[in-house]
Amino acid sequence: MQLSISEIIGGKELTIRVPPPPAGEGASGTRDANGREQLDFPDTFCRDPALFDKAIERMRSGSEAGMTRAQIEKALYRITEQHYRADVTEEQKLAVKDLGNTYVIFDKLRRDGRDSVWAYVARNLSRPLAFSASGGWASVVIGNPPWVNYRDMSGDLQKRFKQLARGERVFVGGKLATQNNLCALFTVRAAALYLRSGGTLAFVLPLAALSRGQFERLRSGSFMSARIAWDEVWTMDDSVQPLFPVPSCVVFGRRRATSKPLPDKVRAYSGTLPFRDAPEAIADQRLKVREGAPALEIAMFEGGSPYRKMFRQGATLVPRMLCFVERRIMGRLGADPSAPYVASQRRNQEKEPWKSLPAIENRVEAEFLRPVLLGESILPYRVFQPFEAVVPVTDKGEVLDAEAAANRGFNDLHGWMKKAEKVWNANAESASMMLIGRWNYHNELGAQFPLASRRVVYSKAGMQPAACLLHDATYAIDHKLYWSAPATEKEARYLTALLNSETARQRGESLQSRGQWGARDFDKVMFNLPIPRFDATDPLHNAIADAAREAEALAASVPLPGNIKFQRARGLIRAALTEAGVAPKIDGLVAKLLDGA
């Protein structure tokens with residue numbers, strides 16, 4: 001992708017940003033804008049792989065032999081002269097001096113015990129620059145690019161990815177921004193940098209590329225630096241295993257003057273392979289092929305059911321250790337009910353660096369300690385387990401950071417938020433986003449207040465849906481749930497029946513993103529279905545709501561052991577609803593609704 005290539009006056013250079021040394025060790029040399037050491041290689045050397053390899057090997061052996069910068073520059077001068085069998089040009093002389101400066105850092109890294117990969121890394125990163133120097137040299141480009149979501153990239157990679165992806169017109173913003181995938185940009189850059197006009201591109205991508213919104217611009221074939229006419233698609237469904245952790249596809253296209261979107265017919269493969277990397281002959285025997293199969297239905301993010309715009313995602317309350325808490329008893333007199341003493345709740349699911357950081361402890365005014373519902377907190381038609389958290393929002397919806405809490409006289413909340421903000425500022429990948437901005441992204445936290453006494457919530461992810469009706473006005477909602485505040489009890493139950501039904505799940509399954517274990521994320525996929533707004537005068541709508549009331553009562557009566565996991569609890573309730581005939585009745589009513597009966 002040439003992410004490490006920087007434009008400089010008169011040409012380009014390859015830049016390798018070196019990770020910081022272990023704590024307590026020093027660093028010196030050329031630094032980037034963030035103060036990190038970097039190794040710079042001028043493209044005078046990079047564009048000739050044979051010369052580059054000779055130069056890198058001389059720098060490596062010279063460092064081990066204790067050579068000085070002046071000695072290395074003399075050696076590089078001689079290598080260049082012998083390689084071209086000609087006098088060294090002014091451009092090459094400048095490049096030798098630049099490499100001399102890089103040698104100083106390279107040598108120090110080796111002496112500090114931090115040189116294990118830099119020669120290897122430099123060789124690998126120089127090849128794309130050499131190959132692209134001729135501009136579109138390849139007749140065929142085949143690849144399996146990295147499948148990495150934006151939210152899983154490092155802060156530095158996020159910045160560079162976003163800049164490049166926007167420049168190529170492949171970046172999708174809004175709520176889909178964190179779902180942008182590196183493989184889309186990689187595909188476009190490969191075509192632009194290496195594929196000649198009329199050349200063919202064949203890339204392995206996640207199956208989501210054919211239907212999900214974050215790949216919408218990739219499917220168009222029209223980009224800033226290249227146009228691709230997409231000609232053919234192969235799909236591998238969940239049954240094609242062992243292959244990749246998630247369902248996949250292969251897209252074929254040609255670099256042309258005019259783009260063409262992905263076709264509406266695909267070659268669909270299904271069946272089980274005996275082992276990974278099976279030879280073509282075995283794969284032909286074991287896999288079934290369906291030519292001209294319909295392409296995946298595109299997941300819509302506008303239109304569909306009117307309920308699409310009525311549901312909102314909950315607040316992104318992460319990192320968990322900065323807001324989720326457990327109470328501590330202080331002294332013989334016990335807790336102060338007006339301002340309990342709390343500490344960070346620690347969970348096995350925590351990720352680094354948060355997992356290794358010490359817990360925060362402080363008193364917090366009771367009004368800012370609220371039960372929060374996560375995805376695992378709800379079961380079909382029933383609340384399972386809330387978690388207590390510091391939620392810095394007043395009843396009127398004012399979202400408070402440490403300074404705002406102090407200005408309003410909430411001294412204990414100020415103490416907690418000040419500690420939390422300090423930890424966030426020292427460890428967050430994105431220095432541009434404040435902690436309260438993370439929690440209240442797109443106003444997902446503030447919009448919940450004042451908390452409604454009647455809300456419907458459903459889980460964002462999972463293989464099977466879970467939704468329930470809330471009557472408790474104290475719950476705050478996490479981003480693993482979507483919520484809405486329906487006008488009436490009947491409408492709320494109508495929605496819980498639809499969102500819990502197997503009928504709706506099956507009909508929306510093709511639009512879900514896919515994981516190693518099949519369909520996973522629900523998000524607002526259900527609202528692609530023709531779900532009409534509740535009509536109190538419609539007998540079918542009322543019948544669905546009445547069935548949901550019956551399901552609620554039955555779900556509430558199912559005994560659940562104290563240490564049961566939420567997945568098992570959901571299974572027990574679904575089994576009880578099926579055995580009692582309630583789930584089949586709801587599925588039949590939902591089928592009539594969706595079929596327009």
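Quick grid of which residues meet (1) modelled with pLDDT under 85; (2) polar (S, T, N, Q); (3) over 30 Å from D238 (Cβ atoms):
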residue	(1), (2), (3)
Y494	no, no, yes
A497	no, no, no
R507	yes, no, no
L511	yes, no, no
G518	yes, no, no
V525	yes, no, no
D538	no, no, yes
S557	no, yes, yes
P561	no, no, yes
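One residue stands out among those in segment 192-208 that are open to solvent by less than 10 Å² (accessible area, probe 1.4 Å), at pLDDT 90 or above and not aromatic (F, W, Y): the one that is nearest to V289 (Cα to Cα), which is L205. Beta carbons closer than 8 Å, at least 6 apart along the sequence or on distinct chains, pair a first residue in segment 127-155 that is at pLDDT 85 or above with a second that is open to solvent by 80 Å² or more (accessible area, probe 1.4 Å) for S139/R196. Selection of segment 85-103 for residues being in contact (Cβ under 8 Å) with a residue 24 or more places away in the chain, open to solvent by 90 Å² or more (accessible area, probe 1.4 Å) and more than 16 Å from I56 (Cα to Cα) yields only L94. Among the residues of segment 166-175, just one is under 14 Å from the mean Cα position of the chain (by Cα), of a type in the set (G, A, S) and assigned to a helix (DSSP H, G or I), namely G174.
Among residues of segment 477-492 that are over 21 Å from D546 (Cα atoms), those with a Cβ under 7 angstrom from a residue that is assigned to a strand (DSSP E or B) and of a type in the set (S, T, Y), sequence gap 6+ or separate chain, pair up as K480/S459; L481/Y458; L481/S459; Y482/Y458. Considering segment 134-165, and only residues there that are within 23 Å of V250 (Cα to Cα) and part of a loop (DSSP other than H, G, I, E, B), the residue that is most open to solvent (accessible area, probe 1.4 Å) turns out to be W137. Within segment 210-251, can you find the residues that are without any contact (Cβ under 8 Å) to a residue 60 or more places away in the chain, of a type in the set (A, V, I, L, M) and part of a helix (DSSP H, G or I)? Selection gives L218 alone. Residues in segment 219-230: is at least one open to solvent by 30 Å² or more (accessible area, probe 1.4 Å), over 22 Å from the mean Cα position of the chain (by Cα) and under 23 Å from E291 (Cβ atoms)? No, there is no match, as no residue in segment 219-230 is open to solvent by 30 Å² or more (accessible area, probe 1.4 Å), over 22 Å from the mean Cα position of the chain (by Cα) and under 23 Å from E291 (Cβ atoms). Take A569 and tell me if it is part of a helix (DSSP H, G or I) and without any contact (Cβ under 8 Å) to a residue 12 or more places away in the chain. No: the conditions fail for A569. Whether a residue is at pLDDT 90 or above and farther than 30 Å from R346 by Cβ was assessed, and C323 does not pass this test. Of the helices (runs of 4 or more DSSP H) lying entirely inside segment 1-98, the ones with 3 or more residues being among the hydrophobic types (A, V, I, L, M, F, W, C) and modelled with pLDDT of 70 or more are found at 49-64, 69-84.
Looking at segment 541-597, which of the residues that are basic (K, R) and over 20 Å from M463 (Cα atoms) is least open to solvent (accessible area, probe 1.4 Å)? Here the answer is K585.
Within segment 257-268, not a single residue is assigned to a strand (DSSP E or B), under 26 Å from the mean Cα position of the chain (by Cα) and within 26 Å of T178 (Cα to Cα). Among the residues making up segment 247-284, those that are of a type outside the set (A, V, I, L, M), surrounded by 12 or more Cβ atoms within 10 Å (Cβ to Cβ) and farther than 18 Å from L207 by Cβ are R254, R255, R256, S259, K260. Does S344 count as touching a residue at least 60 places away in the same chain (Cβ under 8 Å) and among the small types (G, A, S)? In short, no. The single condition from (1) part of a helix (DSSP H, G or I); (2) touching a residue at least 60 places away in the same chain (Cβ under 8 Å); (3) surrounded by fewer than 20 Cβ atoms within 10 Å (Cβ to Cβ); (4) charged (D, E, K, R) that R189 fails is (3).
Note on segment 460-492: residues that are open to solvent by 20 Å² or more (accessible area, probe 1.4 Å) and assigned to a helix (DSSP H, G or I) total 2. Scanning segment 403-426 turns up no residue that is in contact with a strand residue (DSSP E or B) (Cβ under 9 Å, 6 or more places away or on another chain), closer than 30 Å to K490 by Cβ and buried (at least 18 other Cβ atoms within 10 Å of the Cβ). Inspection of segment 177-186 identifies at least one residue that is at pLDDT below 90, open to solvent by 10 Å² or more (accessible area, probe 1.4 Å) and in contact with a strand residue (DSSP E or B) (Cβ under 8 Å, 6 or more places away or on another chain).
The values are calculated or read from the model by the stated rules, or taken from the named source; none is laboratory data. Predicted model only: the values in this text are computed from it and were never measured. Cβ: placed from backbone, ideal geometry, glycine included. Neighbour counts: every protein chain shown. Just so you know, the surface numbers come from the protein's heavy atoms only, side chains and all, with ligands and any DNA or RNA stripped out. Shrake-Rupley method; radii C 1.70, N 1.55, O 1.52, S 1.80 Å.
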